[in-house]
Amino acid sequence: MTKSFIQISDSHIDDNKLVLGVDSQANLGSIVSMISDQNYDVLLISGDLAHNGTLESYQKLQKILNPIETEIYVLPGNHDDFSNLSQVFNQSSLCNFIIGCWEIITLDSVQSGKVSGRLSDEQLHSLSQQISSSSAKYIALCLHHPPVSMQSDWDDEMSLENPDDLFAVIDQFDTIKAVMWGHAHQCCEFNRNGVKLFSCPSTALQFNGQSGIGYNHYTLNEDGEIYCKTRWL
Ligand SMILES: [Fe+2]
């Protein structure tokens, strides 16, 4: 049976309903209703779950996600407070997960007090070890910050500061088939030396003027192919 997972990103839930001019709670609720009808194995949320990182915002988020019956994995974005997030989601550290013959490895690219992201030498070393010791045939990586230029109005200075260090690791392993992220609030797909790169839209609002909210649904094949369908509302 085909395996798949859904990525949502940048829900920006806050104590107030209005965030960046939109009702981020209602928007996430609409996305949750939409994905509740889908067949998939895991829901992954790639950062900026909350807008200001308050405990109450994660409690609100958890209520909105209540209809989701699959396992939920989260990684932090620059707007998150990982300690508050951990309390509510019962996830005290980053978690990788296996779907079929794939392993999805999550990374924390957040730097304290900064919008842009970075992966430390220790994190990259640990990533190499995780990949080397993985029993999965194929691997996808997920982080909050874009590791490539978005080739749009997005200010790439706010993305990952050291993408070359990440790609130096990726280039050592032909098991890595994809990298996905959020943060830029826009949807696009790139290809780098056969590795597919996916940017996930926000469930709150898009920064590139695109109307609508959406999510990415990935299909994982047993031959190492990964396909992404972006669904819009
Ligand atoms: Fe972000």
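The values are calculated or read from the model by the stated rules, or taken from the named source; none is laboratory data. Since the structure is predicted, the reported quantities are computational estimates derived from the model, not experimental observations. Here Cβ is always computed from backbone atoms with ideal geometry, including for glycine, and neighbour counts include all displayed protein chains.
Within the range 25-53, the set of residues being within 16 Å of the ligand (Cβ to nearest atom) and out of contact with any Ser or Thr (no Cβ under 6 Å at 6 or more places or on another chain) comprises LEU44, ILE45, GLY47, ASP48, HIS51, ASN52, GLY53. Restricting attention to the range 101-131 and to residues that are among the β-branched types (Val, Ile, Thr) and within 16 Å of the ligand (Cβ to nearest atom), the residue that is farthest from the chain's Cα centre (by Cα) turns out to be VAL115. The residue pairs whose first member lies in the range 139-152 and is in contact (Cβ under 8 Å) with a residue 60 or more places away in the chain and under 14 Å from SER116 (Cα atoms), whose second member is hydroxyl-bearing (Ser, Thr, Tyr) and more than 14 Å from the ligand (Cβ to nearest atom), and whose beta carbons are closer than 9 Å, counting only pairs six or more residues apart or on different chains, are LEU143/THR106.
The residue that is surrounded by the fewest Cβ atoms within 10 Å (Cβ to Cβ), counting only those in the range 33-58 that are closer than 14 Å to GLN7 by Cβ and free of Cβ contacts under 8 Å to residues at least 60 places away in the same chain, is ASP41. Before we move on, is MET158 at pLDDT 95 or above and in contact with a Cys (Cβ under 8 Å, 6 or more places away or on another chain)? Here the answer is no, as MET158 does not meet what is asked. Is it fair to say VAL115 is surrounded by 15 or more Cβ atoms within 10 Å (Cβ to Cβ) and farther than 19 Å from GLU71 by Cα? Yes, satisfied. Of SER134, SER152, SER199, SER211, all but one fail to be more than 19 Å from the chain's Cα centre (by Cα), within 16 Å of the ligand (Cβ to nearest atom) and of a type outside the set (D, E, K, R); the exception is SER152.
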